[in-house]
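To keep things clear, I will list the structure first and then write my remarks on it.
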Amino acid sequence: MLRSVLTASGGARRTAAAMMATRSSNGTQHVAAPLVSVRGTAVSHHRGFYSGTHVLSKKKEADVYTEEDTPTPPGGPIEMLNTEMSQTDAEAIIAGELEKIRLEAERKLYKDWKPGERKRELLMSYNIEDFDEEAKKKKWYPQMQRRCGALGIKIGMMPVWDDWGERHACTVLFLDNNVVLKNKTEDTKDGYNAVQIGAGERKMKRVTKPLMGHYKACGITEHPPFIVREFRVSSPEYMLPPGTVIHARHFIPGQNVDVAGISKGKGFQGAMKRHGFAGMPATHGTSLSHRALGSTGQCQDPGKVFKGKKMAGRMGSDRVTVQNLRIVKVDRGRNLLYVKGAIPGNKGGFVEIRDAVKKPLFGTEKIFGADPQENSKPPLPTYSYEEGIDGSGESGHEEWMPLGKKDPMDPNYDLSVA
């Protein structure tokens, strides 16, 4: 008796009207058990489809069914036992159930899924407004939606005081000639959505010919950029036309940003400075090894030092991202961003500025603007710049983040009295 077992994908339970066939000595197939149940990843001999030729099983590498895995109809005629079902009806039922299993497996592949998006549509929520926001996309979801960022030069740190008299230690970032060079889309050979931005300026003699050829393809024949970076975007709608200049007002005063840069290089450092080890005792017989890291291995078993052990080595010069830094002030004329907090890197180094992923603060009262609902999203794809103001190089066009309603120096102060 030749038997083949049909398996279901991913623990799915299926009930199918099927036949259990055996082949006799003359090649005739006999069918019994008109109702069987296919469950889990394996079925016994009395709960399964039996054909005479092929086996349909779950692949070990991927839970995907292909046309090669689909069994072909038996070669000989089928005789029904304990049922009045015809051959045509039996074959139609088997083909229908196999098609259902194949479609279910394809549905679980999530072909159109993108990182940061829902794999399945929203079916349950405690708030009925979530369904309206899911359909119309009124709310900005930073984990799923991303727009283009910008490149800034770290000028240094300085204190600024707001109208309450509160002091903010800010890092000043200069957006030096941020120009869109190229857009990449999923439909092209690139296979993803991104915006390529160049910033700064480099001498022509210091640019290689292959790189200059790339700039010429982007429409730049002189004043090549000093640095080029890509920013992934979630949709082609958020892309900027090539040649567009991004100014400081691309970001809203009061919003949070994530800044990534290369940290300062410290050279070869010991374990105490590099990893914060306590070191050896200062007294009690310790000689000339006060800043040693201590034991690094075990005994004869395993007889080695495991890879990744914290030891002395080169420190710094790593890519570091600082999240949720608030923009205190935007100088639109001089393309300056005043970001509250420290930013990795040396002065004069380039950093990447993006909208915060965790707490962007869009749609709140902490964002610059008259109506918080109007600022529920960032400027898409960028802000509508005003000629003569943005990037003019003149001072006096500064925008501050909104102040709190309470005086930070005196929280009990009543504004109505003033």
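Rule-based calculations on the coordinates, nothing more; no lab input. From a predicted model like this one, the values you see are computed outputs, not experimental measurements. Using ideal geometry, Cβ is built from the backbone for each residue, glycine included, and neighbour counts are taken over all protein chains shown.
Amide H contacts of residue 202 (H built 1.01 Å from N, in plane; Pro and chain starts excluded): 226 sit under 5 Å, all sequence-distant by 5 or more or on other chains. Our coupling estimate for region 189-203, obtained by passing each phi through the Karplus curve with A = 6.51, B = -1.76, C = 1.60 and θ = phi - 60°, is 5, 5, x, 8, 9, 7, 10, 9, 10, x, 9, x, 8, 10, 5 Hz, Gly and Pro reported as x.
Would you please classify the overall shape of region 82-214 from the alpha carbon gyration tensor, given that a ≥ b ≥ c denote the square roots of the eigenvalues, rounded means a/c under 1.5, and beyond that prolate means a/b larger than b/c while oblate covers the rest? Numbers along the way, then the final one.
Values: a/c = 5.57, a/b = 1.94, b/c = 2.87.
It comes out oblate by the Cα gyration axes.
One decimal place: the segment residue 227-residue 85 gains 43.8 nm when fully extended, by the rule 0.36 nm per residue minus the C-alpha distance.
Could you compute the net charge surrounding residue 157? Neighbours are other residues with a C-beta less than 11 Å from the C-beta of residue 157; K and R count +1, D and E count -1. With Lys, Arg at +1 and Asp, Glu at -1, the net is +3. Local charge for residue 146 was computed over the other residues whose Cβ lies under 10 Å away, with Lys and Arg +1 and Asp and Glu -1, and equals +2. Shown is the FRET efficiency for residue 310 and residue 155, computed with R0 = 35 Å from the Cβ-Cβ distance and rounded to the nearest 0.05: 0.50. Judged by the ratio a/c of the largest to the smallest principal axis of the C-alpha gyration tensor, region 157-258 counts as oblate, that ratio being 1.5 or greater while a/b is no larger than b/c.
Please say if region 285-363 is rounded, prolate or oblate, where rounded means a/c under 1.5 for a ≥ b ≥ c the square roots of the C-alpha gyration tensor eigenvalues, and otherwise the choice is prolate for a/b larger than b/c and oblate otherwise? Cα axes put region 285-363 in the prolate bin. Multiplying the residue separation of residue 288 and residue 127 by 0.36 nm and removing their Cα-Cα distance gives an extension gain of 51.4 nm. Contact order, relative form, for region 172-304: 22 percent (alpha carbon pairs under 8 Å, 6 or more residues apart, mean separation divided by residue count). Distance between Cα centroids, region 208-231 to region 248-268: provide it in whole Å. Cα centroid of region 208-231 versus Cα centroid of region 248-268: 24 Å apart.
Under the combined filter of DSSP loop state and at most 14 neighbouring Cβ atoms within 10 Å, region 248-334 retains these chymotrypsin sites (Phe, Trp or Tyr not before Pro): 306. Once the chain from residue 389 to residue 409 is taken as fully extended at 0.36 nm per residue, the excess over their C-alpha distance is 3.8 nm. Karplus-based coupling profile of region 304-317, in residue order and whole Hz: 7, 9, 5, 5, x, 4, 6, 9, 5, x, 5, 10, x, 6, with θ = phi - 60° in 6.51 cos²θ - 1.76 cosθ + 1.60 and x standing for Gly or Pro.
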